[in-house]
1. How would region 11-51 be classified by its alpha-carbon gyration tensor: rounded, prolate or oblate, with rounded meaning a/c under 1.5 and the a/b versus b/c comparison settling the rest?
2. Please work out how much length the chain gains when fully extended from residue 23 to residue 57, using 0.36 nm per residue of separation minus the C-alpha to C-alpha distance, in nm with one decimal.
3. Residue by residue through region 51-63, what is 3J(HN,Hα) from phi via Karplus (6.51 cos²θ - 1.76 cosθ + 1.60, θ = phi - 60°)? Round to whole Hz and write x for glycine and proline.
4. Amide H to amide H, which residues 5 or more places from residue 60 or on other chains are under 5 Å from it, using H placed in the peptide plane?
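A short reminder: the numbers here are calculations on the coordinates, not readings from a lab. Computed from a prediction, not measured in an experiment: that's the story for all the values here.
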Amino acid sequence: MIGNVLASSFIMPSDLRYKKNIQEINSPLSKLKQVRGVTYQYKRDEFPTMGFTDAVQIGFIAQERKKYFRNW
């Protein structure tokens, strides 16, 4: 699934009851340590309809994590 979400709250249950086809990730901590953490600001001027904030954000670049978690 591909899409965008703009919400003041987002609930994604992490309960085993809601999951299937569970597969273990080999060496997850070593993979997470390789993911580049970043700070950034959204391009509000280029995307005015998105409702982006001016505040500095903390996270990662989703496209980059594919190098370490190909099926995630």
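1. Oblate, because a/c is 1.5 or more while a/b does not exceed b/c.
2. Between residue 23 and residue 57, full extension yields 9.2 nm more.
3. Per-residue couplings from phi come out as x, 5, 8, 7, 5, 5, 9, 10, x, 8, 8, 4, 5 Hz.
4. Under 5 Å from the amide H of residue 60: 38.
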